[in-house]
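Read the structure below first, then the notes.
The values are calculated or read from the model by the stated rules, or taken from the named source; none is laboratory data. Here the structure is a predicted model, which is why all the values come from computation and not from measurement. Don't worry about glycine lacking a Cβ; one is built from the backbone with ideal geometry, like all the others, and counts go over all protein chains shown. Ligands, DNA and RNA are stripped out before the accessible areas are found, and what is left, the full protein with its side chains, is counted by its heavy atoms. Shrake-Rupley method; radii C 1.70, N 1.55, O 1.52, S 1.80 Å.
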Amino acid sequence: MSGIHPFRVLRAKPLWIANSVITGVLALLFTVFYVGANIDPVDHMEKLPVGLVNADEGAAVGGKQVNLGAQITESIEKSTASGGKIDWKVMDEKGVKEELGEGKLFGALVVPADFTSSTTALTGTAATGTPARPTLTVLTNQSAGSMGSSLARTATTQAAENASLQVGKELTARSGTGQAELPAAARVLLADPAAVTVEDGHPLHSHSGLGLTAFYYALVLVVCGMLSANVISGQVDHALGYTHNDMGPLRLHRPLIRATRVQTLAISSTLMAGLSLLMGTLVMVGAVGIMGMDASHLPLLWLYSVCAIAVAGIGALTLLAVFGTPGMLVVTLVYIAMAVPTAGATTPIEALPGFYRFLAEFEPLRQITGGIRSILYYDAQGDAGLTRGWVMMAAGLVVAALFGFGVLGWYDRKGLHRIPVETKPEKTAAVPT
């Protein structure tokens, strides 16, 4: 017994300094990653992919073939008003439907087949009857992300309204002096002829969380892997006798079984792979069976869930083994702080600052979310993110194995064991009697 009161450790400056640095850096990094990524998505937005379709068949006006839809799409495509924030992709209706159904577009603007005929007819019918007002259709895509779909909807709606005003100028010019004979309502209609309608370009089922169930499901998989790694690491250490295991007021301890660092990681990883089967099953049962989440391709969803938990968990075990006690902070930063803002679920990748777009290329949550989104929303199409998800998970597992076993093998060769090997007691010479 030292006779020193335990509370006297609070006087130790190193205790305050070390914990202040760790907790302060953690608070600052979480703030930078979370708030910094989402503070101004409109300003940071760059080349958000949006479809542009001209299905207009045109019409004969004054002996000439006119296609107002072609004029509209061409002017929108060449316009610099968006400042490079929107990447207008000119395509046909089939192409737009396919890319909306793969999550490659956040929205689209469609000029219908009868746009020119309906528009030019206004000059002849406005004075005598109620004209059929032409429409421009804005398609949204919540499955690609609510915020991204909202940003695309704003941009396409504004483009459609500007196009209607431009067409109105042409109609007004063609009407010439006849404008004075038209009723006031008809003149207003000619000045802004097109109605803008908004439709869901890729409808989701009601239990799809407005396109966010894929993100939350993927987040659960990553968190399961990350937290289980912490539990498994501690339990393996206890089983080998390296640490105590406190169960309430009881302290359990096992005899020491010496294991190299490489052997310890191999044991932990094997346990993680086995338990991933249980966790992946229970996650799917909880989400689909108990909570009623809309999902199809259930066998594939189960397999992907198991693999995602295993890869995330083994990666976290590697960081814990290599960095020791600070490893949990590194795991938290990699799997949560840097991962959630760059997952592309709440804020599209195209609306993130450059540094976060760089992180999104390899952050695990983004890759896993893409695969889950493909399974849940896009009929498990490889091009919709499933192929990338599998490839990046495999790459992550390989990197974790090379890094973990490589560094730990070096630790072992250098004799940096977790508990130094006991030195054999020296033999004492016999003292003659």
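The Cβ shell under 12 Å around Leu240 holds other residues with a net charge of +3, Lys and Arg each +1, Asp and Glu each -1. Between Ala394, Ala173, Ala316, the Gaussian network model of the chain with springs among Cα atoms under 10 angstrom shows the greatest mean-square fluctuation at Ala173. Of the trypsin sites (Lys or Arg not before Pro) found in segment 243-329, the ones in coil according to DSSP and having at most 13 other Cβ atoms within 10 Å of their Cβ are Arg258.
Probe radius 1.4 Å, ligands and nucleic acids left out: which of Ile336, Ile22, Ile368 has the largest accessible area, and how do the rest follow?
These residues rank, largest area first, as Ile22, Ile336, Ile368.
Computed on the chain, with alpha-carbon pairs under 8 angstrom and 6+ residues apart, the relative contact order is 16 percent. Taking amide H as placed 1.01 Å from N in the peptide plane, Ala55 has its amide H under 5 Å from the amide H of Val111, each at least 5 places away in sequence or on another chain. These residues, Met226, Met147, go from largest to smallest accessible area, 1.4 Å probe, as Met147, Met226.
Other residues with beta-carbon under 12 Å from the beta-carbon of Val222 carry, at +1 per Lys or Arg and -1 per Asp or Glu, a net charge of 0. Orientation-averaged projection of the chain equals 32.7 nm² [convex hull of Cα atoms, one quarter of hull surface area]. Considering helices alone, the calculated mean residue ellipticity of the chain at 222 nm is -17500 deg cm²/dmol, with DSSP H runs of length four and up weighted by -39500 (n - 2.57) and normalised per residue. Normalised by 2.2 N^0.38 Å, where N is the number of residues, the C-alpha radius of gyration of segment 1-154 stands at 1.92. Near Asn67: Cβ cut-off under 11 Å, other residues only, Lys/Arg at +1 and Asp/Glu at -1. The net charge is -2. Protein heavy-atom accessible surface, 1.4 Å probe, per residue over segment 205-259: 55 Å².
With the whole protein complex present, Val96 retains an accessible surface near 0 Å², based on a 1.4 Å probe. Can you tell me the 0 to 90 degree angle between the C-alpha axis of helix 386-413 and the longest principal axis of the chain, rounded to 10? The angle comes out at about 20 degrees. Largest accessible area first, the listed residues Phe358, Phe115 line up as Phe358, Phe115 when surface is computed with a 1.4 Å probe on the assembled protein chains.
Within the assembled protein chains, the solvent-accessible surface assigned to Glu46 is about 90 Å², based on a 1.4 Å probe. Projecting the Cα atoms of Leu250, Gly201, Ser268 onto the dipole axis of segment 197-276, where Lys and Arg carry +1 and Asp and Glu carry -1 at the beta carbon, places Leu250 farthest toward the positive end.
Divide the volume of the convex hull around the Cα atoms of segment 298-361 by the residue count and you get 99 Å³ per residue.
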